[in-house]
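Below is one structure, written out as structure tokens; the observations come after it.
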Amino acid sequence: MASSVTRSDVARFPNMTIYDFPTGPYPTRVRIALAEKSLLSHAEFVFVDLYKGDHKRPEFISTKNYSGTLPVLELGDGTCIAECTAITEYLDALDGVPTLTGRTPLEKGVIHMMSKRAELELLDPISVYFHHATPGLGPEVELYQNREWGIRQRDKALRGMRYFDGVLESQPFVAGDAFSMADITVIGGLIFASIVKLPVPEECAALISWYERMRARPSVKSQPAFA
Ligand code: GTS
């Protein structure tokens, strides 16, 4: 069972720097994971201004994340881990009690699949819609926009919402019976949906009621994205 992290465990954990945009859907995924793992006090957050394009500057790309995205986790020895899934897996493994990414091979496989599906079918398409079919981060950052591609991705995300609604009609969490990284990824998707004003279709009752439950979790409701 998940146990709380003891004082001696905590002392062994590394100091971590998170390159962050506090209200961003992807950085919020890592913030939720940190809160779920009681690791917030080990993280120092460095604000990177997406709207000024600070994540696309050569120094950030060459030293923090080649992909030019947030969040990035930097460890004391300078190792940088980008990609929310990779960061979450790292954080979840630290205390030897992986509550977010699965304990058994079956849990790990299903959680990883559902989280990836939430990226492919919901979160990433909304991100593409934001960057291509809305002003996005503004003309200085959005150097290429393809509105038609953005609209297609918005419609893909709506289909994704219907898919996850179907999943949640028959189980309490996205990957089965327990909260996991897959729930966090869908939460990220619905945060982004709200930013771009793409409401969850009314008929998606299971997805809507799951989201209400998720938003009541301490790790979720405390996020700047909901302030
Ligand atoms: N696959 C990456 C991950 O999982 O970490 C995607 C990260 C991502 O797209 N992050 C957004 C970003 O850097 C941050 S936010 O939109 O959620 O605030 N976007 C800026 C850009 O130019 O793409």
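Considering only segment 17-33, state which residues are basic (Lys, Arg) and touching a strand residue (DSSP E or B) at 6+ places or on another chain (Cβ under 9 Å). Within segment 17-33, Arg31 is the sole residue that qualifies. Criterion applied to Pro25, Pro58, Pro125 was being under 20 Å from Met181 (Cβ atoms) and outside the structural domain of Gln145 (by TED's automatic domain parsing), and the one residue passing it is Pro25. When Arg159 is tested against (1) on the phi < 0 side of the Ramachandran plot; (2) within 19 Å of the chain's Cα centre (by Cα), exactly one condition is not met: (2). Checked against (1) among the aromatic types (Phe, Trp, Tyr); (2) open to solvent by 80 Å² or more (accessible area, probe 1.4 Å); (3) within 21 Å of Ser209 (Cα to Cα), Phe164 passes all but a single condition, namely (2). Checked against (1) over 30 Å from Ser41 (Cα atoms); (2) in contact (Cβ under 8 Å) with a residue 60 or more places away in the chain; (3) in contact with an Asp or Glu (Cβ under 6 Å, 6 or more places away or on another chain), Val196 passes all but condition (3). Among residues of segment 214-227 that are closer than 12 Å to Pro27 by Cα, those with a beta-carbon under 8 Å from a residue that is open to solvent by less than 50 Å² (accessible area, probe 1.4 Å) and charged (D, E, K, R) at least six positions away or on a different chain give the pairs Gln223/Arg31; Pro224/Arg31.
For segment 114-135, the condition holds for at least one residue, the condition being that it is touching a residue at least 60 places away in the same chain (Cβ under 8 Å), touching a strand residue (DSSP E or B) at 6+ places or on another chain (Cβ under 9 Å) and within 16 Å of the ligand (Cβ to nearest atom).
Take the residues of segment 30-52 that are among the hydrophobic types (A, V, I, L, M, F, W, C) and in contact (Cβ under 8 Å) with a residue 40 or more places away in the chain: which is nearest to the ligand (Cβ to nearest atom)? Checked segment 30-52; the qualifying residue nearest to the ligand (Cβ to nearest atom) is Leu50. Note on segment 53-75: residues that are free of Cβ contacts under 8 Å to residues at least 40 places away in the same chain and open to solvent by 30 Å² or more (accessible area, probe 1.4 Å) total 9.
Can you name every residue in segment 178-190 that is among the aliphatic types (A, V, I, L, M) and in contact with a Ser or Thr (Cβ under 6 Å, 6 or more places away or on another chain)?
Those that are among the aliphatic types (A, V, I, L, M) and in contact with a Ser or Thr (Cβ under 6 Å, 6 or more places away or on another chain): Met181, Ala182.
The values are calculated or read from the model by the stated rules, or taken from the named source; none is laboratory data. These figures come from a predicted structure and were not determined experimentally. Glycine gets a Cβ as well: all are built from the backbone with ideal geometry, and neighbour counts include every protein chain shown. What goes into the accessible areas is simple: the full protein's heavy atoms, side chains included, and nothing from ligands, DNA or RNA. Shrake-Rupley method; radii C 1.70, N 1.55, O 1.52, S 1.80 Å.
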